[in-house]
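Asks: Attaching a single structure in structure tokens format; questions to follow.
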Amino acid sequence: MRDSGIGRLLGLPVRMAVLVACGNAICGNSAIAAVAPVIDAHSDDVAASIAFTAVLGVAVVLGLPLLGIGLRLSGVQYGALAGLTVYAVPQVIAAAAPLGATAVQVGTLVKLVRVLMLGPVCLLLSLLAPRLGGDAVDADAGAPRRGRPRPPVHHLVPWFIQGFLAMIALRSFDLIPHAALPAMEHAATLLTVVSMAALGLGVDVRTVARAGGRVTAAVVLSLLALGTISLTLIRLIGLT
């Protein structure tokens, strides 16, 4: 994994490098929380990884629209960029909104496809976990930690993805009353505002400050690499 390689080059423990990689590549906090028990990650590594994705996610939401405008990206191009780089689904919506409804729709779709990768990645990591080696030691007891319970299969695909797929099916088969659509759209807007406020209130800058420079560098470099690869793919595919 590219991001994991960056973390290892910076000297991070292998499990923390994997957490940072999965958080950047898939869906931020949700991916970190799902992957942590699979690879038997230490709680301190989980806390530091989640703190950085929360803070950096807010920075990306504020800065990415400026990049999209500066590069003169279309709504489709910018939506794809936001969906490929921003961590959480509500953050994608917030980051894409300044460039219009098309950017929001494309960004949300691309992001949810990314989230669908959580299941296969967790499955692969469960097979690779015994080979991660070395740092699976309890910091308090000084002894190897016993394996933590693996998450149930239905947790590998987040509930909001299941709901998203269900709504796609209902809308595709015209099973949602047309009269209900305006109210559902209003509710979606309201819930998005609430979720963005919750993300901001959940950021603890003190936790980030305690995590250290190597973690900061790993997260920032991973995000820059992800953004560069995303822009390159958008250009190569020829999105307009």
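Asks: Tabulate in residue order the Karplus-calculated ³J(HN,Hα) for region 112-123, using 6.51 cos²θ - 1.76 cosθ + 1.60 with θ = phi - 60°, rounded to whole Hz; enter x for Gly and Pro.
Replies: Calculated HN-Hα couplings, in order: 5, 5, 4, 4, 4, 6, 4, x, x, 5, 4, 4 Hz.
Asks: In addition: Per the 1.4 Å probe, what fraction of the accessible area of region 1-118, in percent, lies on carbon and sulfur atoms?
Replies: 71
Asks: Relative contact order of region 1-109, please, whole-number percent, based on alpha carbon pairs below 8 angstrom and at least 6 residues apart.
Replies: About 21 percent, as a whole number.
Asks: If you don't mind, there's one more thing I want to ask. At 1.4 Å probe size, put ILE32, ILE50, ILE168, ILE69 in order of accessible surface, largest to smallest.
Replies: Numbers: ILE32 0, ILE50 50, ILE168 70, ILE69 110 Å².
From most exposed to least exposed: ILE69, ILE168, ILE50, ILE32.
Asks: Let me ask something else. By the scheme Lys and Arg +1, Asp and Glu -1, what is the net charge of all other residues having a beta-carbon under 14 Å from that of ALA88?
Replies: Once positives and negatives cancel, what remains is +2.
Asks: Now for a different question. List the residues, sorted by chain then number, that are 5 or more residues from ALA41 or on another chain and whose placed amide H is less than 5 Å from its amide H.
Replies: none
The values are calculated or read from the model by the stated rules, or taken from the named source; none is laboratory data. For clarity, every value in this text was computed on a predicted model and none was experimentally measured. FYI the Cβ positions are ideal-geometry reconstructions off the backbone, even for glycines, and counts take in every protein chain you see. Note: accessible area is taken over every heavy atom of the protein model, side chains too, but ligands, DNA and RNA are not part of it. Shrake-Rupley method; radii C 1.70, N 1.55, O 1.52, S 1.80 Å.
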